Amino acid sequence: MSFIYIFGIFAITAYLLQAILGFRQIKHFNNIYQSLRKKGKVAIGRRKGRFKAGTLVLFAVTDEGRILDAKKMQGVTVLAKFHSLPQYLGEDIHYLDMYNPLVRKENKLLRQAMENAREVFLRVESGNYEEEKPLSPLGGMVNQLQLWKNQMKLKWKRSV
């Protein structure tokens, strides 16, 4: 067998394995979300990671903002699973910011995800939350080109 066939089989197998594990991770997320949803409102915070670990935080919250249950998922691969955060039970989500001593003990990515969950919860609570639509790759490229163009204009003005 030639190298191309072996490489093709390896690539297809890796893709299928990733898809299967990804579906299992999504099923795990849905199960955790449903169990938290039965307890109350769920505040979800996320911190995307491209080359670093992605982080997802779920808080089951009462109407007053008390945390009933807290879970986190942090990792780079599709093998990441949710883990409990018992130290946050009974805390008020309104005070989970960068000044909270419990939050300060966590790693940077988890802190950012917690602050995102708090921010989304506060915006939903105040009634002015709209889901932000992500840019398409083409839209991101156009934004980068406009930024580059503006930077070049600024440099040109400074040099003249």
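The values are calculated or read from the model by the stated rules, or taken from the named source; none is laboratory data. What you see is a predicted model; the values in this text were computed from it and never measured. We place every Cβ from the backbone using ideal geometry, glycine too, and count neighbours over all the protein chains shown.
Annotations for the structure displayed:
- Per-region count, the stretch 98-132, residues at pLDDT below 85 and not aromatic (Phe, Trp, Tyr): 7
- Lone unmet requirement of (1) at pLDDT 90 or above; (2) within 15 Å of the chain's Cα centre (by Cα); (3) assigned to a strand (DSSP E or B) for ASP69: (2)
- Residue under evaluation ALA43, criteria (1) more than 15 Å from the chain's Cα centre (by Cα); (2) within 21 Å of LYS108 (Cα to Cα); (3) not hydroxyl-bearing (Ser, Thr, Tyr), criterion not met: (1)
- Number of residues in the stretch 111-160 that are more than 21 Å from ALA60 (Cα to Cα) and either in contact with a strand residue (DSSP E or B) (Cβ under 7 Å, 6 or more places away or on another chain) or not basic (Lys, Arg) (or both): the value is 23.
- The residue list ARG46, ARG37 contains one member that is among the basic types (Lys, Arg) and in contact with a Leu (Cβ under 8 Å, 6 or more places away or on another chain), which is ARG46.
- When residues in the stretch 81-93 are screened for being in a helix (DSSP H, G or I) and under 19 Å from ARG47 (Cα atoms), 2 of them pass.
- Filtered by the rule that a residue be within 21 Å of GLU115 (Cβ to Cβ) and in contact (Cβ under 8 Å) with a residue 40 or more places away in the chain, the stretch 59-79 gives PHE59, VAL61, GLY65, LYS72, MET73.
- Among residues of the stretch 62-116, those that are among the basic types (Lys, Arg), surrounded by fewer than 20 Cβ atoms within 10 Å (Cβ to Cβ) and closer than 25 Å to HIS28 by Cβ, counted: 2
- Scanning the stretch 1-50 for residues that are of a type in the set (S, T, N, Q), surrounded by 13 or more Cβ atoms within 10 Å (Cβ to Cβ) and over 27 Å from LEU122 (Cβ atoms) turns up just one, GLN25.
- Verdict on ALA60 being under 14 Å from GLY45 (Cα atoms), part of a strand (DSSP E or B) and of a type in the set (Gly, Ala, Ser): yes
- In the condition set (1) farther than 23 Å from VAL76 by Cα; (2) surrounded by 11 or more Cβ atoms within 10 Å (Cβ to Cβ); (3) not aliphatic (A, V, I, L, M), ASN128 is compliant with all but (2).
- Residue check for LEU102: closer than 20 Å to ARG47 by Cβ and under 17 Å from the mean Cα position of the chain (by Cα): no
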